[in-house]
Amino acid sequence: MITIDNYLDNHYIHRSNWLRAAVLGANDGIISISSLAIGVAAASSTRAPIALAAVAGLVAGALSMAAGEYVSVSSQKKNKKADIEREAKELEEMPEVELQILAEIYERRGLTKETALQVAKELTAVDALGAHVRDELGITEMSQANPIQAALASGTAFTVGGILPLLVTLFAPVNIMEYCLYGCTIIFLIILGTISAKTGGSNVKKAILRITVWGTIAMGLSAFVGYLFGVNV
Ligand SMILES: [Zn+2]
């Protein structure tokens, strides 16, 4: 039986918050750790400095991703809370004006003037603040991400992504380390691109192309810098 809940679950938008953070984090983890490792590998002929750089990069990257996500989501949350409080005050101070604003919003969505006003009146009677928060401010339950959850998701995704190139630095032959890192990373990025495109409902080929081109640029530049350092050390 179709219910509103399982019907809504079918839509990609409902998977967006955690997916976006997870894919971005994993993508960052793979590209930044493999680029770091490729850069060091281009300048070094032993395994230890490459693996060490990968581990240090992984710890630093995971913590900074988590911290960045926590700060950005909590400041978004603070802004929304302040907006909701101001809206509640405006509703108290000028209910008539607020009712007109709500009716105008529904009119712009295509309702006739009379129907829009009627809908605004009925929704105001049921839950005035809820109607304004949802329809005037555009704040829905779904857009209220949890800062700790987002930080954990981002830090974990970065770590999961970054562990893959780290494993390559531990097991690939040192003399062809850069090529192994590049090859494996492109495979990881193709898998990630496919997962994110499939679950997000977007074009798989485009997603793969986008992610591998950026990965190649990042790794290429890091290798070049590492090579320059290698020649001069
Ligand atoms: Zn309002």
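The values are calculated or read from the model by the stated rules, or taken from the named source; none is laboratory data. Quick caveat, the model's predicted, so the values are computed rather than measured. Every residue, glycine among them, receives a Cβ derived from its backbone with ideal geometry; neighbour counts consider all protein chains shown. To get the accessible areas, we keep the full protein, side chains included, count just its heavy atoms, and leave off ligands, DNA and RNA. Shrake-Rupley method; radii C 1.70, N 1.55, O 1.52, S 1.80 Å.
If the reach is capped at under 27 angstrom between alpha carbons, list the lysines near Lys78, excluding any in the same chain fewer than eight residues apart. Once the sequence-local lysines are set aside, what remains near Lys78 is Lys89.
Using only alpha carbons, the chain has a radius of gyration to Kirkwood radius ratio (Rg to Rh) of 1.18. Arg210 sits with roughly 140 Å² accessible to a 1.4 Å probe, with DNA, RNA and ligands left out of the calculation. Straight-line cross-link reach from Lys77 at under 18 Å between alpha-carbon atoms covers no lysines, not counting any fewer than eight positions away in the same chain.
Ordered by solvent-accessible area of protein heavy atoms (1.4 Å probe), largest first, the residues Glu104, Glu178 come out as Glu104, Glu178. Here Leu166 sits with roughly 20 square angstrom of accessible surface, probe radius 1.4 Å. Divide the volume of the convex hull around the Cα atoms of segment 30-164 by the residue count and you get 128 Å³ per residue.
On the basis of the beta-carbon distance and an R0 of 25 Å, Val71 and Glu136 show a calculated FRET efficiency of 0.40. Cα axis of helix 204-232 to longest principal axis of the chain: angle in degrees, 0 to 90, nearest 10? With both axes taken from Cα atoms, the answer is about 40 degrees. Counting only heavy atoms of the protein chains and using a 1.4 Å probe, Met177 has close to 0 Å² of accessible surface.
Once the Cα atoms are used to define both axes, helix 147-171 deviates from the longest principal axis of the chain by about 20 degrees.
If contacts are Cα pairs under 8 angstrom and at least 6 residues apart, what is the relative contact order of the chain in percent? Each step should come with its number before you reach the end.
Details: 284 pairs, mean separation 94.1, N = 233.
Here the relative contact order equals 40 percent.
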